[in-house]
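Below is one structure; the comments refer to it alone.
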Amino acid sequence: MDKNIVMDLELFSTAPGNWYPKNPGLDQTIQSDVSGENPDEGIIAHLQWSAAEAHAASTTGVHAAVTDNGAAQEVTTSITDPPCPRNITATAGGTAGDIKAIQVIIEGTDFNDETITETLPVFTVDTGGSVTGSKAFKTVTKITIPAHDGTGATTAIGYGDKLGLPYLLSHNTCIFSFLNNVLEGTAATVAASASAISSNTIDLNSALNGTVVDAYFVV
């Protein structure tokens, strides 16, 4: 994500008669039309992801398909990090009858460069397809793939459409989101966490397609 986060701050005159609605005598609060009621001040943050960062989701974007060898495999090489903090996917393929209901484990770092781990959802036995993680990974350092039921199964690791947010949110404060400068008609899905930065993500209603993404949050 573009590290130049734009803060759109309200402007006000320093003349005493023009302080409304901002009260410079109260920290992080603004005046209301009711005496003694001073709501917390909110600032609108404009977050922008470049076309390269908002690349279309890829089932092999982190690691190409790994062929089962009858044992659990720990992969630490030939890993490509997501283009920005994004959620991770795993895709089972190959011989359907060899696919087992396993769960891939992803290790890496979050937006704040802190170590995180996620166990992805379970594969459907004997069925090819993808499972989707919820945490936003800035880097991936290790992939653990348990053994399938046969060596005809493969497991590929990619990234999805959930973009990591640089804020710890108590709840969804997104006002608008845009894809390629077009307002999304359906609100984005926002995951919020006041304690884990990796659990704060935005998922636009439209699939990412390698065009710029903008989102506006009250923070």
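Data table
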item	result
Gain in span if fully extended, Thr117 to Ala56, counting 0.36 nm per residue against the direct Cα distance	19.6 nm
Equivalent ellipsoid semi-axes - Cα gyration tensor, the chain, angstrom	43, 16, 14
Long-range lysine pairs (8 or more apart or interchain), the chain, Cα under 22 Å	7
Residue exposure sequence - Val219, Val75 - by fewest surrounding Cβ within 10 Å	Val219, Val75
Sorted by Cβ density within 10 Å, fewest first, the residues Ile88, Ile44	Ile44, Ile88
FRET efficiency, 1/(1 + (r/R0)^6) with R0 35 Å, evaluated for Ser35 and Ser134 via beta carbons	0.20
Cα centroid separation - the stretch 93-123 against the stretch 43-89, whole Å	11
Sorted by Cβ density within 10 Å, fewest first, the residues His171, His63, His148	His171, His63, His148
Net dipole in debye of the chain [+1 Lys, Arg Cβ; -1 Asp, Glu Cβ; about Cα centre; nearest 20]	340
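Laboratory data are not the source of any read-out in this text; all were calculated from the coordinates shown. Remember, predicted model here, so these are calculated numbers, not experimental data. Neighbour counts run over all protein chains shown; Cβ positions are idealised from the backbone, glycine included.
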